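Written out below as structure tokens is the structure these notes cover.
The values are calculated or read from the model by the stated rules, or taken from the named source; none is laboratory data. As the structure is a computational prediction, the values presented were derived from the model and not from experiment. FYI the Cβ positions are ideal-geometry reconstructions off the backbone, even for glycines, and counts take in every protein chain you see.
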Amino acid sequence: MMIHSLALPPSDAEVDAWLAVLTAAAAVDLPQVPPPSRVEVAGRLCVTPVRGRPVLWTAGEGSGEGGVSGEGAVSGEGDGVAALLLFTEEGNAHTAFLDALTVRPEARRRGVGTALWERVREELIAEGRTSVAVMLDLGGPGQAFAEALGFENVLPMAWYVQDVPAGDAAADRSDQPPATPGYELLTWYGLVPDAWAPAAAAAHAAMEDAPTGDMDERIQPWTPERLHTLQQLILDRGGDMITVAAVTPGGEVAAYTEIVLPDPGGTAALQYDTVVVPAHRGHGLGRAVKRHMVAQAAARHPQLRRIATTVADENGPMRAVNEALGQRRERGVGVFQIKL
């Protein structure tokens with residue numbers, strides 16, 4: 001088994017090989033979920049994250065065998081991939097996030113995953129990291145593999161999915177924003193406008209009371225600059241971002257929700273944060289911004305059919321909002337962590 005470190009940014013051939021592994025694994029492990037697109041995968045691999053330093057590896061048997069050659073050139077599609085993000089943010093230099101450790105189904109139980117994990121672990125120790133976390137679907141091969149290595153589920157969650165109506169149904173909803181007495185609903189595409197960035201950053205700080213379990217990663221302070229930097233990363237990776245905010249006459253962002261299409265031409269989107277500032281809770285703003293978001297997203301992206309989001313099991317209020325909007329619980333997921 002040969003493990004090859006990829007130079008950054010990876011070549012087109014390396015991106016294609018990485019995508020082939022993820023697509024093959026998704027077809028077996030998550031057939032109900034749209035597979036990753038090349039736009040999404042290329043964006044994540046080729047555009048450097050702002051929160052840390054990425055390290056990428058591929059695994060294979062060698063040149064000519066659908067793996068990786070000894071000279072470092074990708075040959076064939078490879079048997080497995082791993083992506084590690086070494087946080088460089090203040091207060092998080094002790095930990096990291098395993099963004100991917102995926103093995104092609106036909107190559108499993110041959111030591112590919114173990115070989116990749118050993119290389120990841122070597123990197124973590126060399127960098128002085130004392131823990132690493134990964135998000136895994138419950139009941140799948142990833143959970144069994146991680147638990148055998150000593151990972152523990154420190155934040156139980158679930159994926160919730162909402163279907164997006166097509167055609168006339170979507171158009172009708174876009175013309176009927178929900179009533180929010182005392183608040184105005186604003187929609188921003190891409191970066192939050194400069195004039196609203198300070199208020200939006202202040203509202204993001206309300207995420208600090210969201211459940212984080214026993215994760216070692218520490219929440220970073222929100223500033224207008226950090227907000228714009230993280231949003232720009234999504235755009236630089238080829239994605240689209242929409243924010244819907246409920247604002248007050250005094251210029252405060254009382255609630256907001258964000259949606260990201262990693263591939264603007266695709267049929268699937270991810271709901272990022274949904275937050276209601278504590279002083280404005282109890283007015284139905286969470287439901288209002290999410291309902292309006294679906295309508296706005298459908299109008300901007302007529303091909304959009306699916307919005308997915310994760311919610312911690314202990315976050316009862318947000319689960320209630322999701323259920324009221326017709327979102328269905330699709331599958332369990334958790335943030336698994338191991339101390340090194």
Give segment 243-259 a look and list any residue that's in contact with a strand residue (DSSP E or B) (Cβ under 9 Å, 6 or more places away or on another chain) and surrounded by fewer than 20 Cβ atoms within 10 Å (Cβ to Cβ), or say none.
Thr248, Pro249
Which of the residues that make up segment 74-99 are on the phi < 0 side of the Ramachandran plot, assigned to a loop (DSSP other than H, G, I, E, B) and modelled with pLDDT under 95?
Ser75, Glu77, Glu89, Glu90
Right, Asn322: surrounded by 23 or more Cβ atoms within 10 Å (Cβ to Cβ) and modelled with pLDDT under 95 or not?
yes
Look at Ala202 and say whether it is of a type in the set (A, V, I, L, M), modelled with pLDDT of 90 or more, under 26 Å from Ala312 (Cα atoms) and assigned to a helix (DSSP H, G or I).
yes
Kindly list, by first and then second residue, each pair from a residue in segment 131-154 that is on the phi > 0 side of the Ramachandran plot to a residue that is assigned to a strand (DSSP E or B), limited to pairs with Cβ atoms under 9 Å and residues at least 6 apart or on different chains.
Gly139/Arg331; Gly139/Gly332; Gly150/Ile338; Gly150/Lys339
If I go through segment 103-119 residue by residue, how many of them are crowded, with 21+ Cβ neighbours inside 10 Å and closer than 26 Å to Met157 by Cβ?
3
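Table: residues versus (1) of a type in the set (A, V, I, L, M, F, W, C); (2) in contact with a Leu (Cβ under 8 Å, 6 or more places away or on another chain).
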| residue | (1), (2) |
| --- | --- |
| Asp240 | no, yes |
| Val244 | yes, yes |
| Pro249 | no, no |
| Val253 | yes, no |
| Thr257 | no, no |
| Asp273 | no, no |
Tally time: how many residues in segment 260-273 are surrounded by fewer than 20 Cβ atoms within 10 Å (Cβ to Cβ) and part of a loop (DSSP other than H, G, I, E, B)?
3
Among the residues of segment 215-234, is any charged (D, E, K, R) and free of Cβ contacts under 8 Å to residues at least 24 places away in the same chain?
yes
Would you confirm whether or not segment 62-73 contains a residue that is modelled with pLDDT of 95 or more, buried (at least 18 other Cβ atoms within 10 Å of the Cβ) and either on the phi > 0 side of the Ramachandran plot or outside the structural domain of Gln303 (by TED's automatic domain parsing) (or both)?
no
So which of Arg319, Arg291, Arg329 is touching a helix residue (DSSP H, G or I) at 6+ places or on another chain (Cβ under 9 Å), charged (D, E, K, R), in a helix (DSSP H, G or I) and within 26 Å of Pro34 (Cβ to Cβ)?
Arg291
Considering only segment 52-61, state which residues are out of contact with any Lys or Arg (no Cβ under 6 Å at 6 or more places or on another chain) and either at pLDDT below 95 or of a type in the set (A, V, I, L, M, F, W, C) (or both).
Val55, Leu56, Ala59, Gly60, Glu61
